[in-house]
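Below is one structure, written out as structure tokens; the observations come after it.
The numbers here are math on the coordinates, done by the rules we state, and not lab data. All of these numbers come straight from a predicted model, not from anything done at the bench. Cβ: placed from backbone, ideal geometry, glycine included. Neighbour counts: every protein chain shown.
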Amino acid sequence: MLTSKQRAKLKALANDAQPLFQVGKGGISDTLIRQVDDALTARELIKLSALETAPEPAKEIAEQIAQATRAQVVQVIGRKMIFYRRNPKDPKIQLG
């Protein structure tokens, strides 16, 4: 579980990042989960966006993706979602 200080640091790091993936009318697919999982392993911190045509609200999508990828939801604002998962073998972000 992230502390408020850790969450604030991750939000700041993700502030300028562009969304890597979009969730559209097809919703969450196995392919999307694999891509998000791979991206989290490589980067640890990623941003996604949900299109207006997405079948569910962004918060629900974020929870489903987080559960499927064992990641933590850092923040959901509007249609933007930020996820974090520490890479145990090669950590890139030091949370302190």
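Could you check segment 40-85 and list, in sequence order, the residues that are of a type in the set (D, E, K, R) and either surrounded by 14 or more Cβ atoms within 10 Å (Cβ to Cβ) or without any contact (Cβ under 8 Å) to a residue 12 or more places away in the chain (or both)?
Of everything in segment 40-85, those that are of a type in the set (D, E, K, R) and either surrounded by 14 or more Cβ atoms within 10 Å (Cβ to Cβ) or without any contact (Cβ under 8 Å) to a residue 12 or more places away in the chain (or both) turn out to be Arg43, Glu44, Lys47, Glu56, Glu60, Glu63, Arg79, Lys80, Arg85.
Kindly list the number of the only condition in (1) without any contact (Cβ under 8 Å) to a residue 60 or more places away in the chain; (2) outside any strand (DSSP E or B); (3) more than 17 Å from Leu32 (Cα to Cα) that fails for Leu95.
(1)
Considering Leu32, Leu48, which residue is in contact with a Phe, Trp or Tyr (Cβ under 7 Å, 6 or more places away or on another chain) and over 22 Å from Leu2 (Cα atoms)?
Result of the check over Leu32, Leu48: Leu32.
Restricting attention to segment 13-28, does a residue exist that is assigned to a strand (DSSP E or B) and either loosely packed, with under 12 Cβ neighbours inside 10 Å or without any contact (Cβ under 8 Å) to a residue 24 or more places away in the chain (or both)?
no
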